[in-house]
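Asks: Handing you a structure now.
Taken together, the values in this text are just the output of simple stated rules run on the coordinates, not laboratory data. In this text the structure is predicted, and so the values were computed from the model without any measurement. FYI the Cβ positions are ideal-geometry reconstructions off the backbone, even for glycines, and counts take in every protein chain you see.
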Amino acid sequence: MEFLKTLFASFDQAESLIFMAFVLIAFLIGFVLSWLVWTRQARKWRLEAQQSKAELKALQAEYQSFKDQFSLREADIQHAQVEAEESKRRMMGAQEDRSRIAAELEEAHAELARLQSSVAAQQVTIEDLNDQILGLRTKNETLVRRVHGDNRSSG
């Protein structure tokens, strides 16, 4: 420190002005250089910020797209669940109809069997009646012949 005091004390006015001018010029050169470096760095940071903003917007758009797709998929799932429930209800209804129709078919088969046995019994009765009719016709013809034969022999 003592050295600086003796150095500055030995300057005359002109040397002091020149020294101050050099210090001022050195300060200005340092200020300008630091300003240039800072400006360059600031531009780099602005560019990075703009790129980051652009990436952020792209990611937000992608997020919104995924969100919309997710909503659509949820809606599709809900629609599919509703359709599945409806199909299940229709299937249960069809199974009930099938059971009802199967019961009706069983009843119809039972009725058919009863009617077939009735028809068979009636056919037997019809055959018996036909046989009786044939027997009666034969008797009738025999009687008619006798009556005609007796009438011819008497007359």
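Asks: Which whole-Hz ³J(HN,Hα) couplings does region 131-141 yield from phi under the Karplus relation 6.51 cos²θ - 1.76 cosθ + 1.60, θ = phi - 60°, glycine and proline marked x?
Replies: Taking θ as phi minus 60°, the curve returns 5, 5, 4, 4, x, 5, 4, 4, 4, 4, 5 Hz for region 131-141.
Asks: Work out from phi, with θ = phi - 60° and the Karplus expression 6.51 cos²θ - 1.76 cosθ + 1.60, the ³J(HN,Hα) of each residue of region 58-68, listed in order in whole Hz, and give x for Gly and Pro.
Replies: 4, 5, 5, 5, 5, 4, 5, 4, 5, 5, 5
Asks: Find the percent of Cα-Cα distances in the chain that exceed 27 Å, and round it to a whole number. Intermediate results must be reported in sequence, preceding the final value.
Replies: Values: 9249 of 11935 pairs.
More than 27 Å apart: 77 percent of the Cα pairs in the chain.
Asks: Given Cβ point charges of +1 (Lys, Arg) and -1 (Asp, Glu) and nothing else, what value in debye, to the nearest 20, does the dipole of the chain about its Cα centre take?
Replies: 340 debye
Asks: For region 35-52, what does the Karplus curve 6.51 cos²θ - 1.76 cosθ + 1.60, with θ = phi - 60°, yield as ³J(HN,Hα) per residue in whole Hz, taken in order and with x for Gly and Pro?
Replies: 5, 5, 4, 4, 4, 4, 5, 5, 4, 4, 5, 5, 4, 4, 5, 5, 5, 5
Asks: I would also like to ask the following. Take the Cβ-Cβ distance between residue 23 and residue 46 as r, set R0 to 35 Å, and report the resulting FRET efficiency rounded to the nearest 0.05.
Replies: Between residue 23 and residue 46 the formula returns 0.55.
Asks: Using a Förster distance of 30 angstrom, determine the FRET efficiency expected from the C-beta separation of residue 79 and residue 59, and round it to 0.05.
Replies: Efficiency computed from Cβ-Cβ geometry: 0.50.
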